[in-house]
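Below: one structure, written as structure tokens.
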Amino acid sequence: MRSTRRIAAFAALGLTLAACSSEAGNQAAEESSAAPTVAEDVDFPAGSTMAALNEAGTITVGTKYDQPGFGLLNPQSGDPEGFDVEIAKLIAAELGIAEDDITWTETVSANREPFIQNGQVDMVVATYTINDARKQVVDFAGPYYLAGQDIMVAEGNPEGIEGPDDLAGKTVCSVEGSTPAQNIRDNYPEAQLTTYDVYSKCADDLRNGNVQAVTTDNVILTGLVAGSDGAFELVGNPFTEEPYGIGLALGDTDFRNFVNDVLEEAFEDGRYADAWDRTAGSITGEEAPEPPAVDRY
């Protein structure tokens, strides 16, 4: 929830919203400097995805490039940084793949399933909510984090928006292909929904007064608030539960089980909490959350 302490922490960080900011890139580089230990002499079943990736010595990961704390492009290195990125590095390391051998591919909400289905990426770690519709076309490992849909408004909340029911008659922005956008369409049809491919465009519209609110997962909005230099605030009233998972090719049960094993081990041995503290935790000022139970469906 929004608090004076959190807003003060945001200001102290001095993050910028634009992914091209060198200041944000420098800070992210400092926060994400610890590389996971790469497994050596690993042995995987012949013909498995794990064996193929280990032999290739590289993995292609889809993630987002415009979300501070979870996936933000560092303009100096050309690589994304954040909690999602660190989770992907942990999995790659257990495959025997170093972080320098990861190929990053920018994914937005609308192209995550196609990228997996077409083999353009080996996995997607990109604030990716697990739901039954998506499970028809891709598999999910996890969840590794539980978020909730919330609302971001201009500083001072001039429209008095306290929850989704207050969006009626208001212009609200989200991202096409996201569960928050679909939730507004399905359950709050009186809101006037505008969609883009990335949330940074929604933030621009809110700053310019073209929309009255932006809605998506609270952790994404937290990063946008942090980079707004006081222009935005979070309503702080989550109204859904969004379990973040790792998207994989449909039917690759062995790979899904492997990734779930890695996640559970990272939950227990402190690597998960360390990844959080160096990325999203440095923005929210909050300790690492209790990891959710992995769903081995």
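Okay, here's what the table says:
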{"quantity": "Search result, residues across the range 207-224 that are over 14 Å from A191 (Cα atoms) and either within 15 Å of the chain's Cα centre (by Cα) or not assigned by TED's automatic domain parsing to the domain that holds P180 (or both)", "calculated": "T216, D217, N218, V219, I220, L221, T222, G223, L224"}
{"quantity": "Complete set of residues in the range 156-171 that are assigned to a loop (DSSP other than H, G, I, E, B) and either in contact (Cβ under 8 Å) with a residue 60 or more places away in the chain or among the small types (G, A, S) (or both)", "calculated": "G156, N157, G160, I161, E162, G163, A168, G169"}
{"quantity": "Filtered residue count, the range 71-85, keeping only those that are within 11 Å of the chain's Cα centre (by Cα) and of a type outside the set (A, V, I, L, M, F, W, C)", "calculated": "4"}
{"quantity": "Residue among E94, E55 that is modelled with pLDDT of 95 or more and surrounded by 17 or more Cβ atoms within 10 Å (Cβ to Cβ)", "calculated": "E94"}
{"quantity": "Which numbered condition V259 fails, given (1) β-branched (V, I, T); (2) farther than 19 Å from G62 by Cβ; (3) in the same structural domain as L95 (by TED's automatic domain parsing)", "calculated": "(2)"}
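Conditions tested, residue by residue: (1) modelled with pLDDT under 95; (2) closer than 27 Å to A275 by Cα; (3) assigned by TED's automatic domain parsing to the domain that holds D84; (4) under 24 Å from the mean Cα position of the chain (by Cα).
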site	(1), (2), (3), (4)
A141	no, yes, yes, yes
A154	no, no, no, yes
G160	no, no, no, no
D165	no, no, no, no
A168	no, no, no, no
T171	no, no, no, no
P189	no, no, no, no
Q192	no, no, no, no
D205	no, no, no, yes
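Each row is one residue, and each column tells you yes or no for (1) modelled with pLDDT of 95 or more; (2) buried (at least 17 other Cβ atoms within 10 Å of the Cβ); (3) in contact with a helix residue (DSSP H, G or I) (Cβ under 7 Å, 6 or more places away or on another chain).
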| residue | (1), (2), (3) |
| --- | --- |
| A11 | no, no, no |
| L17 | no, yes, yes |
| N26 | no, no, no |
| A34 | no, no, yes |
| A51 | yes, no, no |
| G71 | yes, yes, yes |
| E81 | yes, yes, yes |
| V85 | yes, yes, no |
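The values are calculated or read from the model by the stated rules, or taken from the named source; none is laboratory data. Bear in mind that the values here come from a model prediction, so they are computed numbers and not experimental data. When we count neighbours, we look across all protein chains shown, and the Cβ atoms used for this are built from the backbone with ideal geometry, even at glycine.
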